[in-house]
Amino acid sequence: DAGVIQSPRHEVTEMGQEVTLRCKPISGHDYLFWYRQTMMRGLELLIYFNNNVPIDDSGMPEDRFSAKMPNASFSTLKIQPSEPRDSAVYFCASSRTSGSLYEQFFGPGTRLTVL
Amino acid sequence: QKEVEQNSGPLSVPEGAIASLNCTYSDRGSQSFFWYRQYSGKSPELIMSIYSNGDKEDGRFTAQLNKASQYVSLLIRDSQPSDSATYLCAVNSPRGSTLGRLYFGRGTQLTVWP
């Protein structure tokens, strides 16, 4: 079974540009999570969805960040406009409530550099 | 108070030794506990899950859970240089409003030297 898929794997952009990160969760998983990881702040939860509905977006740093999950197999995280301080690795993870409770599986991440 | 705290490290052990990683959590209602391993430049990888008090063994890895004391530990026996990584402890949120969420510690960096 395929794991969590993220694209792009690397993104270099200039300040002010729009950035869109994409995620395909593991089939059958009903939770999807977006995290950001930096050396300074560690792994931070930005937002998560259950059955495509946003449950908690309190970790989204500001209005420049938005996330959507239009269906069970796809989610996007958008940053508009991007700033240098957004440079980080962004991970998507998914889990399911049945079976092994709440085990999360991570995608490979998108390394974002904003110049 | 942070939900999950780990010994900050870094931890350095010789090859063949036992590495001990510790984690404490604040919410007594938590039911699910996890250890993730993260190699430099890679994503976190789930290596152990534990749900009941006591020990759970998987190869060279043993997870220990003590809910009364609110701590979780990971022991790595016969440590190998390939075990060098950052280890993240994660605990589920027991609250209905945030069910499904995991709280992660900052991680402990382990180096196993030959």
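Specify which of the listed residues (B:ASP55, B:ASP78) is surrounded by fewer than 14 Cβ atoms within 10 Å (Cβ to Cβ) and free of Cβ contacts under 8 Å to residues at least 60 places away in the same chain. Give the steps one after another, and end with the answer.
Values: B:ASP78 fails: free of Cβ contacts under 8 Å to residues at least 60 places away in the same chain.
Unique residue meeting the criteria: B:ASP55.
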Checking B:GLY96 against (1) touching a Cys at 6+ places or on another chain (Cβ under 9 Å); (2) under 21 Å from A:LEU46 (Cα atoms); (3) not hydrophobic (A, V, I, L, M, F, W, C), only one condition comes out false. Which one? (1)
When the residues of the range B:73-93 are filtered to those that are more than 12 Å from B:THR108 (Cβ to Cβ) and of a type in the set (A, V, I, L, M, F, W, C), which remaining residue is nearest to the other protein chains (Cβ to nearest Cβ)? B:ALA90
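Restricting attention to the range B:104-114, and to residues there that are surrounded by fewer than 19 Cβ atoms within 10 Å (Cβ to Cβ) and within 12 Å of chain A (Cβ to nearest Cβ), which single residue is farthest from B:TYR25 (Cα to Cα)? So that I can check it myself, show each step before the final result.
Initial filter on the range B:104-114 (surrounded by fewer than 19 Cβ atoms within 10 Å (Cβ to Cβ)): B:106, B:109, B:111, B:113-114.
Next, only the ones that are within 12 Å of chain A (Cβ to nearest Cβ) stay: B:106, B:109.
Working: B:ARG106: 12, B:GLN109: 19 Å.
Residue satisfying both the conditions and the ranking: B:GLN109.
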What do you reckon, is A:SER82 of a type in the set (Gly, Ala, Ser) and either within 27 Å of B:GLY105 (Cβ to Cβ) or under 12 Å from the mean Cα position of the chain (by Cα) (or both)? no
Residues of the range B:57-114 classified as in a loop (DSSP other than H, G, I, E, B) and touching a Phe, Trp or Tyr at 6+ places or on another chain (Cβ under 6 Å), total: 2
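Which of the residues spanning the range A:77-115 are polar (S, T, N, Q) and surrounded by fewer than 15 Cβ atoms within 10 Å (Cβ to Cβ)? So that I can check it myself, show each step before the final result.
Initial filter on the range A:77-115 (polar (S, T, N, Q)): A:80, A:82, A:87, A:94-95, A:97-98, A:100, A:104, A:110, A:113.
If the condition is that a residue be polar (S, T, N, Q) and surrounded by fewer than 15 Cβ atoms within 10 Å (Cβ to Cβ), then A:GLN80, A:THR97, A:SER98, A:SER100, A:THR113 are the ones that fit.
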Counting only strands (runs of 3 or more DSSP E) wholly inside the range A:1-65, the ones holding at least 1 residues that are among the small types (Gly, Ala, Ser) and at pLDDT below 95 are A:42-50
Just the residues that are open to solvent by 10 Å² or more (accessible area, probe 1.4 Å), small (Gly, Ala, Ser) and at the interface with chain A (Cβ under 8 Å from one of its Cβ atoms), please, taken from the range B:21-45. B:SER43
Quick check on my filter: what residues within the range B:40-56 are more than 14 Å from the chain's Cα centre (by Cα) and assigned to a loop (DSSP other than H, G, I, E, B)? B:SER40, B:GLY41, B:LYS42, B:SER43, B:SER52, B:ASN53
So, first residue closer than 13 Å to A:LYS24 by Cβ in the range A:66-81, second residue open to solvent by 30 Å² or more (accessible area, probe 1.4 Å) and of a type in the set (Asp, Glu), Cβ within less than 6 Å, six or more apart or across chains; the pairs are none
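The values are calculated or read from the model by the stated rules, or taken from the named source; none is laboratory data. In this text the structure is predicted, and so the values were computed from the model without any measurement. We place every Cβ from the backbone using ideal geometry, glycine too, and count neighbours over all the protein chains shown. The accessibility values were calculated without ligands, DNA or RNA, using every heavy atom of the protein model including side chains. Shrake-Rupley method; radii C 1.70, N 1.55, O 1.52, S 1.80 Å.
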